[in-house]
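The values are calculated or read from the model by the stated rules, or taken from the named source; none is laboratory data. The model shown is predicted, which means the values in this text are computed figures rather than measured ones. For neighbour counting, all protein chains shown are included, and Cβ atoms are generated from backbone atoms with ideal geometry for every residue, glycine included.
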Amino acid sequence: MAFSAQNSITIKRLRSSDSLILTFENNGIPLFQAIDEVSGAVAPNWEIPENQPVRMPVITSTRGLVVNVLSHSWYYNGILLIFNGAEIGGWTTDSTGKFQINADGHIKIIKNLASEINIAGDILSYTAQVSVAGVEYTLSGELEIVIQKMGASSYYATILAETETLSSDITQTNITTKLFQGVTEITSYYVKWYKDFDEWTDKAGQKNIVVTRDDIGGAQLFIAEMYKTSAPGEPILARAGIRILDISDEYKVILEITSANKMVSEGHDVTVAAKIVNMKTGAIYAPDGAVWRLDVMDRENWTSLKTSTTNTIVVTTTETDREGNYYDVDVMAEVTF
């Protein structure tokens, strides 16, 4: 039998040979705001309730164990949010007046973050203390809030999944796209879909698609390319990508930083190594004839900056430093065996 597995995240290992996975579900509203270069107008307006994005942390045990969440903490650009305001409808406002939280740790943005003095992306960070089988662990994750200063001719694409984690119980998810020109949402556009770097012609032209467990081997990167029409030769307007996990797959690819350096800087590279883990036993699996591909991915447009045909890859400033700017990158791994 042939197997294929992919991944592009690091999974926290538990002492019980289980794995915990932290993902974020959403209410269908992207973490994206644009500010008009001329008028200073911000869109979407997050002060309007129906425009307010919500993110719901979901922590899953790959072995189906009960995960008890002991506490939630949210940070905005590294600063702890203090939720000490009045509770209204189950939501409590923080001291800045920009965010709300509910009893399940879901966070809602209720004020505009983009402004004429805030035209760069922001970061929402989440930390949870959890207990699994009597042992406590800390899990953390980040969400990027994309803020762009946009002229009338600028395009930006977003992509969201109903859930980013599939299992034997949750067998499919709906993926939706949106396209913005300046601060205006565009509703007429054509989409080409890719699974990693292979065009997914069955989904061509669909703005919203359904992804099932059969489409995923451990984890899968889906990329959407937006065009004005389906006519040959049309230039790409924008690209967006999203990873979907299948936590019930027998095999998973685990990525680890194996170098002493954990962050890239001038003269200090980072080495990432991948391995196959049997999720039923927790054992590392090294099959004969495994064919690997690792890519350093540009998170701005989901293109490959560097490729390796082994289970290791080195990330350098060549990949992170471009046009005078510093960028984070993702390492994506795929193996066939």
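With ILE109, ILE101, ILE88 as the choices, which residue is of a type in the set (Val, Ile, Thr), at pLDDT below 95 and within 19 Å of TRP46 (Cα to Cα)?
Working: ILE109 fails: at pLDDT below 95; ILE101 fails: at pLDDT below 95.
That would be ILE88, the only listed residue that is of a type in the set (Val, Ile, Thr), at pLDDT below 95 and within 19 Å of TRP46 (Cα to Cα).
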Taking the conditions exactly as written (farther than 22 Å from VAL58 by Cβ, of a type in the set (D, E, K, R) and surrounded by 18 or more Cβ atoms within 10 Å (Cβ to Cβ)), does ASP196 satisfy them or not?
yes
Would you call ASP246 buried (at least 21 other Cβ atoms within 10 Å of the Cβ), within 24 Å of the chain's Cα centre (by Cα) and touching a residue at least 40 places away in the same chain (Cβ under 8 Å)?
yes
Exactly one of these conditions fails for SER95: (1) touching a strand residue (DSSP E or B) at 6+ places or on another chain (Cβ under 8 Å); (2) of a type in the set (S, T, N, Q); (3) more than 19 Å from PRO57 (Cα to Cα). Give me its number.
(1)
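Does GLU250 satisfy being modelled with pLDDT under 90 and touching a helix residue (DSSP H, G or I) at 6+ places or on another chain (Cβ under 8 Å)? Working first, answer last.
Working: modelled with pLDDT under 90: yes; touching a helix residue (DSSP H, G or I) at 6+ places or on another chain (Cβ under 8 Å): no.
The answer is no for GLU250.
Out of VAL191, VAL210, I need the residue that is outside any loop (DSSP other than H, G, I, E, B), at pLDDT 95 or above, exposed (fewer than 13 other Cβ atoms within 10 Å of the Cβ) and not assigned by TED's automatic domain parsing to the domain that holds ASN51. Which one? Reasoning before the result, please.
Values: VAL191 fails: exposed (fewer than 13 other Cβ atoms within 10 Å of the Cβ).
Answer to the selection: VAL210.
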Any pair with Cβ under 8 angstrom, 6 or more apart, that starts in segment 186-208 at a residue that is within 18 Å of ALA219 (Cβ to Cβ) and ends at one that is assigned to a loop (DSSP other than H, G, I, E, B) and modelled with pLDDT of 95 or more:
TRP193/TRP200; TRP193/ALA204; TRP193/GLN206; TYR194/TRP200
What is the residue count in segment 50-72 for residues that are hydrophobic (A, V, I, L, M, F, W, C) and over 19 Å from the mean Cα position of the chain (by Cα)?
5
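With the structure loaded, tell me whether VAL277 is among the aliphatic types (A, V, I, L, M), at pLDDT below 90 and surrounded by 12 or more Cβ atoms within 10 Å (Cβ to Cβ) or whether it fails that test. Give the steps one after another, and end with the answer.
Values: among the aliphatic types (A, V, I, L, M): yes; at pLDDT below 90: yes; surrounded by 12 or more Cβ atoms within 10 Å (Cβ to Cβ): yes.
So VAL277 passes the test.
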Residue match in segment 18-28 (condition: charged (D, E, K, R), under 30 Å from SER248 (Cα atoms) and either touching a strand residue (DSSP E or B) at 6+ places or on another chain (Cβ under 7 Å) or at pLDDT below 90 (or both))
yes
Boolean, VAL296 is surrounded by 15 or more Cβ atoms within 10 Å (Cβ to Cβ), farther than 20 Å from ILE159 by Cβ and not assigned by TED's automatic domain parsing to the domain that holds THR62:
yes
Breaking point among (1) aliphatic (A, V, I, L, M); (2) more than 20 Å from the chain's Cα centre (by Cα); (3) farther than 27 Å from ALA157 by Cβ, for ILE257:
(2)
Residue count for segment 277-322, restricted to those that are β-branched (Val, Ile, Thr) and within 19 Å of PHE222 (Cα to Cα):
3
Which one of LYS98, LYS149, LYS111 is at negative phi, of a type in the set (Lys, Arg) and free of Cβ contacts under 8 Å to residues at least 60 places away in the same chain?
LYS98
